[in-house]
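Please treat every number below as a calculation from the coordinates, not as lab data. Treat the numbers as computed from the prediction; the structure is a model and nothing was measured. Quick reminder, even Gly has a Cβ in these numbers, built from the backbone with ideal geometry, and neighbours come from all protein chains shown.
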């Protein structure tokens, strides 16, 4: 990279790290070659380390000023967009905390990807497959930790539905694969597959059990979605403008469908090919026809070193796992001497629409998926590795969608009325997806509303529509990429032609576009035309809420927390706030969270924060600091590294997630809990005390007319004390009930069963002569462990 040595070094460091940390997804375009010895790591501490690395890159990048020199400004923009995408993934969309499907991607998804390149499976490839199978149990353990208390219900429903048969599917795939593997790896692969299938079954059972308690989907919202549009994708349009573009395209597509019907009548589907081999042979001839068409029309160069895009029958070992992504192998920057491959199923009348269209005319796939192969194979020859490795679905999908209409208008399908109708139908479908994608992200419709839209407008059946709606909700910004990318390409073409007038070379324009087709089209415009107008518009749209405003809010909140100013926190906290800590993984409501602040203020002297760093993100901010103070009872000094993600809506906090290092302790760092009953000060004891991971609750009584009422309230107070010291109801392992002779033991037992029936701790129940205090029938004691111990 020329122009700025510091920027070159930052870019090199970033991409070396990014290739090792990029999450796997169902999209076929961003599949990456992983470093040797790689494995997915998604535990909270690793993610925090990743965020610290990212913050260092961002800080250094912020010191590099914008430049009029494209040699500096292009790589600066690309690195800023790439780092913003990581923020979007980890701190906004947060699939690693919200979406169980994410962990299907990071487990069986990686196995599926390893099967996609055509054989042979030599010793190294066979060993890699075994390692991917062996990751699965550990990765699913991490998934439980990350999703507990934060998973989204609709995403969990989709993951459970899609993976209903995953255990048998994985076993079947590996059994069918075994004859192709290196003989030395076969036993290990079979054993690892069985262990992985058992782990998947256990994980699905856990997910099913927790499903009723998972929170419903929450949209990312306008501010966060604006961050994606303008900081990540560098798009120059507001959401209103994008919706208007999509509405215009939908009208246009529906008009073209009507014109085509008037021209050719209703489309007639031919009988499917007799076999996948026959379809593959037809595709081979069609691919040569399309390449010759590009050259004859002067549309796009077909250099001799560019390999071919081929259909092949789908191998039997891929069939069970086909739901995990597009069954193709588009190669990579290290395999440019290999053909791109798309695996096709056995043809038949019941194929899904896209497969049926490709079986009817292979060119329908060649002009889109085949374009992905050619564009990537050309871009992977770019001299700058940052351009080779950059990923942005808007240019990738936009170029392919643009190519569909370009080849149609240039006459490729002059003798194919069905294929013309298919292309117009694709246009309408992708315009509808834009509206669904945008309105879901903004919160204007929920997943059920999006499903109804797709059902009525595409149309598709309701079950399929709901699955697609849930996918769009989990991947905001993906659905709009085709349409906005095509519009950007079309405008870039028109402006280039206007600038060069009679000297415009369409083939040269397309060659340049395809050969750098991974990077945002606003950056392509800067490179090709020297025009930064789209980048300037994206910047203006992104600057609606300043980072300074959020940092000021963060400073006020931190001051209120460390000073114990509960009244101010009551104003800053939304009524529906939830506060979650990694040390016990419990969501606390507003009252409980304010009580925690009171505990900190009562238990810790000189509580304050040092080394504070605040990074505004869409919809809030991330704060890193070291909490310091002194235990009032024991005098021990406290220093706890903490990371806190804060979500803000309308000037009030709606959610806090706080992570601390368990080895350093936790905040609140309180080893004694008093609930202010009056007895504690008089007799010199605490309601509960914690030593290490053990929590003991003192004898606790409660007022009430009978043993049932008193037991229920006393147990509630006891559980609240356990929670205040980092435990939970489910970590209680022993209880004791002390009853007076007048107490009805069956009433006390019934209350105990209501509170702890699903926990079933050890219990002893005693009858004693009397209890201190008038009217008390029951006293309870509780022993528990800290959550996560």
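Once the Cα atoms are used to define both axes, helix 481-500 deviates from the longest principal axis of the chain by about 40 degrees. When peptides 98-109, 487-498, 257-268 are sorted by average Cβ neighbour count within 10 Å, with the highest value leading, the order is 98-109, 487-498, 257-268. Ordering 561, 136, 242 by the number of other Cβ atoms within 10 Å of each residue's own Cβ, fewest first, gives 242, 561, 136. Which entry in (1) 35.2; (2) 41.2; (3) 37.9 is this structure's computed mean projected area of the Cα convex hull in nm²? Of the labelled values, this structure produces (3).
Figure legend: label point modelled 7 angstrom from the Cα of residue 636 along Cα→Cβ; residues of region 684-724 with amide N under 11 Å from it are 690-693.
Binning the alpha carbon pair distances of region 65-108 at 5 angstrom intervals from zero yields the distribution 6, 20, 16, 14, 12, 11, 8, 7, 5, 0, expressed in whole percent.
Relative to one another, the C-alpha centroids of region 250-320 and region 597-650 are positioned 59 Å apart.
Using just the helices of the chain, give the 222 nm mean residue ellipticity in deg cm²/dmol: DSSP H runs with n ≥ 4 each add -39,500 (n - 2.57), and the total is spread over all residues, rounded to 500.
Working: 31 runs with 416 residues, N = 789.
Result for the chain: -17000 deg cm²/dmol, rounded to the nearest 500.
Just to check, using Stokes-Einstein with a Kirkwood Rh over alpha carbon pairs, what's the diffusion coefficient of region 83-173 at 25 °C and 0.890 mPa s in µm²/s? Mind showing how you got there, number by number?
Numbers: Rh = 14.6 Å.
In µm²/s, the coefficient is 169.
Peptides 187-193, 210-216 ranked from most to least packed, by the mean per-residue count of other Cβ atoms within 10 Å: 187-193, 210-216. Express in whole angstrom the spacing between the alpha-carbon centres of region 408-439 and region 730-789. Rounded to whole Å, the Cα centres lie 68 Å apart.
Test of understanding: what is the full-extension gain from residue 295 to residue 694, defined as 0.36 nm times their sequence separation minus their Cα-Cα distance? Mind showing how you got there, number by number?
Details: separation 399, 0.36 × 399 = 143.64 nm, distance 7.58 nm.
My answer for the length gained is 136.1 nm.
Both numbers refer to the Cα atoms of region 547-664; Rg and Dmax are 13.6, 41 Å.
Using only the Cα atoms of region 424-556, build the gyration tensor, take square roots of its eigenvalues as a ≥ b ≥ c, and label the shape rounded, prolate or oblate: rounded if a/c is under 1.5, else prolate if a/b is larger than b/c, else oblate. Mind showing how you got there, number by number?
Numbers: a/c = 3.12, a/b = 1.25, b/c = 2.50.
Since a/c reaches 1.5 but b/c is at least a/b, the shape of region 424-556 is classed as oblate.
The Stokes-Einstein estimate for region 5-213, based on a Kirkwood radius over Cα pairs and taken at 4 °C with 1.567 mPa s viscosity, is a diffusion coefficient of 69 µm²/s. With a Förster radius of 45 Å applied to the beta-carbon distance between residue 337 and residue 555, the computed FRET efficiency rounds to 0.20. The distance between label points at residue 448 and residue 612 comes to 4.3 nm (points 7 Å beyond Cα on the Cα→Cβ vector).
Normalised by 2.2 N^0.38 Å, where N is the number of residues, the alpha-carbon radius of gyration of region 672-786 equals 0.99.
Can you give the Rg/Rh ratio of region 261-318, where Rg is from the C-alpha atoms and Rh is the Kirkwood radius? Please list the in-between numbers first.
Values: Rg = 15.8 Å, Rh = 14.3 Å.
My calculation of the ratio gives 1.11.
Stretching the chain fully between residue 512 and residue 650 yields a gain of 45.2 nm (0.36 nm per residue, less the alpha carbon separation).
When a/c is below 1.5 the answer is rounded, else prolate if a/b is larger than b/c, else oblate, so apply that to region 227-299 with a ≥ b ≥ c taken from the square roots of the Cα gyration tensor eigenvalues.
On the way: a/c = 2.30, a/b = 1.59, b/c = 1.45.
Prolate.
Cα-based Rg of region 1-102 per 2.2 N^0.38 Å, rounded to two decimals? Show your work: numbers first, answer last.
Numbers: Rg = 14.8 Å, N = 102, 2.2 N^0.38 = 12.8 Å.
It is 1.16.
Compared with the dominant Cα axis of the chain, that is its longest principal axis, helix 745-756 is turned about 30°. Put simply, when 148-156, 721-729 are sorted by average Cβ atoms within 10 angstrom per residue, most first, you get 721-729, 148-156.
Please report the antiparallel percentage of the DSSP beta bridges confined to the chain, to the nearest 5.
On the way: 52 of 69 bridges.
If I count the DSSP bridges inside the chain, around 75 percent turn out antiparallel.
Computed from Cα atoms, the angle from the helix 5-21 axis to the main principal axis of the chain rounds to 70 degrees.
What FRET efficiency do you get for residue 565 and residue 53 if R0 is 30 Å and r is their Cβ-Cβ distance, rounded to the nearest 0.05? The calculated FRET efficiency here is 0.30.
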